[in-house]
Amino acid sequence: MARPVVSVRRSIWRDNGEVSSERAIPEETAVAFTFNTASYAVMMATPQDLEDFAVGFSLTEGVISSSDAIESVEIVEDVGIELRIWLKAPHAAELLGRRRKMAGPTGCGLCGIESLLEAMRPPRSVGEGLVFTPDQIRTAVNSLFPQQKLNHETRAVHAAGFWDPVDGLIAVREDVGRHNALDKLAGALLREKATPQQGIIVLTSRVSVEMVQKSAAIEGPIIVAVSAPTALAVRMADAAGMTLVAIARKDGFEVFTHGHRISGELSGNVA
């Protein structure tokens with residue numbers, strides 16, 4: 001299996017001249033999804049946590065509603081990597097009604113969709129979930145960065161994590177594509193029978209509409225991101241009943257939708 005990180009030679013130019021050394025960079029591999037031998041999508045992704053990717057992508061794309069629909073997953077490496085997902089008979093029949101083929105660049109979430117209606121599909125409504133303090137929001141964000149192992153090596157990948165008020169950060173997934181990282185997180189949570197309704201989805205990227213749609217598919221009531229959202233993402237989050245927090249920094253954050261899930265004062269220091 002391809003390694004998620006490789007070392008390459010490079011020249012460094014600074015004021016005092018040129019230096020040659022090696023640098024760790026993330027791998028980018030074509031990953032094809034097939035369901036019961038039918039081609040469905042091709043994405044460029046980091047070759048890591050691929051079974052999570054298969055399960056999470058299946059969920060956030062609406063192919064399945066639970067992991068029970070999947071019979072098995074095979075990971076086959078050839079020119080790229082093929083994720084062969086075998087659905088149980090009733091679910092395989094349902095898939096035939098909504099097949100699409102997609103060739104997407106790194107982290108593309110909408111490339112190849114056949115209709116505007118599909119691209120703009122309304123997200124599912126999320127449950128009420130819990131109420132969090134501002135300090136818990138900040139703790140969730142700050143807990144993600146130390147766990148970004150690939151990014152510490154490469155400074156070139158996104159991360160998606162899930163923070164629980166009881167157990168803290170229980171899952172982190174990384175990828176060159178922000179949508180892929182979230183799909184991998186979705187798969188990890190689904191496979192571990194976690195309860196996204198009781199925690200916070202934390203993102204290192206901007207919040208685009210696809211990130212809202214995928215988070216809603218996970219049934220996550222709160223997204224917290226370090227970057228800003230798009231206008232459409234705000235409208236989608238509002239329609240889904242989701243709390244959207246963005247531009248999260250050490251000194252605070254901004255709440256764009258459904259702020260009733262956040263209550264209290266932000267203290268000066270959070271451990």
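The values are calculated or read from the model by the stated rules, or taken from the named source; none is laboratory data. Computed from a predicted structure; not experimentally measured. Quick reminder, even Gly has a Cβ in these numbers, built from the backbone with ideal geometry, and neighbours come from all protein chains shown. The protein model used for the area step is the full one, side chains on, heavy atoms only, and it has no ligands, DNA or RNA in it. Shrake-Rupley method; radii C 1.70, N 1.55, O 1.52, S 1.80 Å.
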*Do we find a residue being at pLDDT 95 or above and over 22 Å from LYS250 (Cβ atoms) anywhere in segment 130-144?*
yes
*For segment 153-168, how many residues are closer than 23 Å to THR133 by Cβ and part of a helix (DSSP H, G or I)?*
0
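Can you say whether GLY268 is open to solvent by 20 Å² or more (accessible area, probe 1.4 Å) and in a loop (DSSP other than H, G, I, E, B), as far as the supplied structure shows? Don't jump to the end; show me each part of the working.
On the way: open to solvent by 20 Å² or more (accessible area, probe 1.4 Å): yes; in a loop (DSSP other than H, G, I, E, B): yes.
It is true that GLY268 is open to solvent by 20 Å² or more (accessible area, probe 1.4 Å) and in a loop (DSSP other than H, G, I, E, B).
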*asked:* Can you go through ALA188, ALA239, ALA217 and tell me which one is in contact with a helix residue (DSSP H, G or I) (Cβ under 8 Å, 6 or more places away or on another chain), farther than 28 Å from ILE25 by Cα and not acidic (Asp, Glu)?
replied: ALA217
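Yes or no, residue by residue, for (1) exposed (fewer than 12 other Cβ atoms within 10 Å of the Cβ); (2) in contact with a Cys (Cβ under 9 Å, 6 or more places away or on another chain); (3) under 23 Å from LEU189 (Cα atoms); (4) hydrophobic (A, V, I, L, M, F, W, C):
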site	(1), (2), (3), (4)
ARG14	yes, no, no, no
SER21	yes, no, no, no
GLU28	no, no, no, no
ALA38	no, no, no, yes
PRO47	no, no, yes, no
ASP52	no, no, yes, no
_Pick from segment 58-104, criterion part of a strand (DSSP E or B) and modelled with pLDDT under 85, ranking: nearest to the chain's Cα centre (by Cα)_ = GLY104
*The lone exception for VAL202 - which of (1) open to solvent by 20 Å² or more (accessible area, probe 1.4 Å); (2) of a type outside the set (Lys, Arg); (3) outside any helix (DSSP H, G or I) it fails*: (1)
*With respect to the numbered conditions (1) in a loop (DSSP other than H, G, I, E, B); (2) touching a helix residue (DSSP H, G or I) at 6+ places or on another chain (Cβ under 9 Å); (3) modelled with pLDDT of 95 or more, which one is the sole condition not fulfilled by ALA171?*
(1)
*Could you please find all residues in segment 245-265 being free of Cβ contacts under 8 Å to residues at least 60 places away in the same chain, outside any strand (DSSP E or B) and either open to solvent by less than 70 Å² (accessible area, probe 1.4 Å) or in contact with a Gly (Cβ under 8 Å, 6 or more places away or on another chain) (or both)?*
HIS258, GLY259
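Can you tell me which residue within segment 205-235, out of those that are assigned to a loop (DSSP other than H, G, I, E, B) and open to solvent by 10 Å² or more (accessible area, probe 1.4 Å), is farthest from ILE170 (Cα to Cα)? Show your work before the answer.
Narrowing segment 205-235 to residues assigned to a loop (DSSP other than H, G, I, E, B): 205-206, 208, 219-221, 226-228, 230.
Checking the rest, the ones that are also open to solvent by 10 Å² or more (accessible area, probe 1.4 Å) come to 206, 219, 226-228, 230.
Working: ARG206: 22, GLU219: 16, VAL226: 19, SER227: 22, ALA228: 24, THR230: 28 Å.
This residue is THR230.
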*All but one of (1) part of a helix (DSSP H, G or I); (2) open to solvent by less than 10 Å² (accessible area, probe 1.4 Å) hold for ASP238, so report the exception by its number.*
(2)
